[in-house]
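Below you'll find the structure, written out as structure tokens, and then a few comments.
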Amino acid sequence: MKKQAIGFIDSGVGGLTVVKEAIRQLPNESIYYVGDTARCPYGPRPKEQILKFTWQMTQFLLSKDIKMLVIACNTATAAALVDIKKKLAIPVIGVILPGSRSAIKSTRNNQIGVIGTEGTVKSNEYKKMIRSKDTKAMVTSLACPKFVPLVESNEYDSAIAKKVVAETLRPLKNAGLDTLILGCTHYPLLHSIIQNVMGDSVTLIDSGAETISEVSTILDYFNLAVDSRDSKNTEYNFYTTGSIQMFEPIASQWLKIDNIKIEHIKLGL
Ligand code: DGL
């Protein structure tokens, strides 16, 4: 029987933080990943355009016969999850619900922060989701438009990154938060810098990592999970609309996979 992969999509390399967790929690599963690096960032783009680009990535992965789609991008989840979920026959998972759930579980003082792209913050989806589950929770959101370019340019561990993160997060420092959602899948690459700036009393929630626990449950529920006895030939295929030379070092450092298979693709032609 042909083994079907789980499809992951993101505007660039950010969704690799979700894939890393998938490789750890679901080692039997094959993964196809599309990063729309050529058109990253999605954060400042209008919702209709994000919806269109997200559909193009989805169509590409459907042509590879995926069994489940993970929208490993908060901005695309906010803009497109409802639409895509309605139209696809396979399970479709976004990152906002799992991140919200985990923040509610973590907070002790009901003061939750969310950092994300302009698109995610403007959509208010985290706040709506959290408040729909717990009206006691207070949500403070902040857009951090300078973070994604730092990650995409492989500068996420640099002195500039430390300075930019410290300056950007200043408004949240005295907001009394005990929990902060990393509401962009690029941000876990800045995890230790963000933790340093916010201090150890603030719990950081990696919404992508939380998503994989949900993926695992859904695979089992629909009887789609690969059993260890059938797990030979697990495949990881990565596709980027941008430069392989930019994508490769981040993907290999982050995922620690040798001979990573990356192909250049064009979308929307
Ligand atoms: N990684 C994406 C997210 O989770 C978006 C980054 C961008 O393209 O602006 O929101």
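The values are calculated or read from the model by the stated rules, or taken from the named source; none is laboratory data. Quantities reported herein were computed from a predicted structural model and do not represent experimental measurements. When we count neighbours, we look across all protein chains shown, and the Cβ atoms used for this are built from the backbone with ideal geometry, even at glycine. These accessible areas exclude ligands, DNA and RNA; they are computed on the full protein's heavy atoms, side chains included. Shrake-Rupley method; radii C 1.70, N 1.55, O 1.52, S 1.80 Å.
Summary table below
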quantity: Filtered residue count, the range 76-90, keeping only those that are in a helix (DSSP H, G or I), out of contact with any Asp or Glu (no Cβ under 6 Å at 6 or more places or on another chain) and open to solvent by less than 40 Å² (accessible area, probe 1.4 Å); calculated: 7
quantity: Residue within the range 16-34 that is assigned to a loop (DSSP other than H, G, I, E, B), open to solvent by 10 Å² or more (accessible area, probe 1.4 Å) and within 14 Å of the ligand (Cβ to nearest atom) present; calculated: no
quantity: Residue in the range 127-146 that is on the phi > 0 side of the Ramachandran plot and not aromatic (F, W, Y) present; calculated: no
quantity: Failed criterion for L62 (all others in (1) of a type in the set (A, V, I, L, M); (2) farther than 22 Å from I181 by Cβ; (3) crowded, with 17+ Cβ neighbours inside 10 Å hold); calculated: (3)
quantity: V95 vs. criteria over 18 Å from F222 (Cβ atoms), among the hydrophobic types (A, V, I, L, M, F, W, C) and crowded, with 24+ Cβ neighbours inside 10 Å; calculated: yes
quantity: Qualifying residue in the range 184-194 (condition: free of Cβ contacts under 8 Å to residues at least 40 places away in the same chain and either among the basic types (K, R) or more than 15 Å from the ligand (Cβ to nearest atom) (or both)); calculated: yes
quantity: Residue match in the range 214-236 (condition: more than 24 Å from Q4 (Cβ to Cβ), open to solvent by less than 20 Å² (accessible area, probe 1.4 Å) and within 19 Å of the chain's Cα centre (by Cα)); calculated: no
quantity: Of all residues making up the range 48-75, the number that are away from the ligand (no atom under 16 Å from the Cβ) and in a loop (DSSP other than H, G, I, E, B); calculated: 5
quantity: Residue identified as modelled with pLDDT of 95 or more, over 27 Å from I96 (Cα atoms) and not acidic (D, E) among I212, I244, I257, I205; calculated: I244
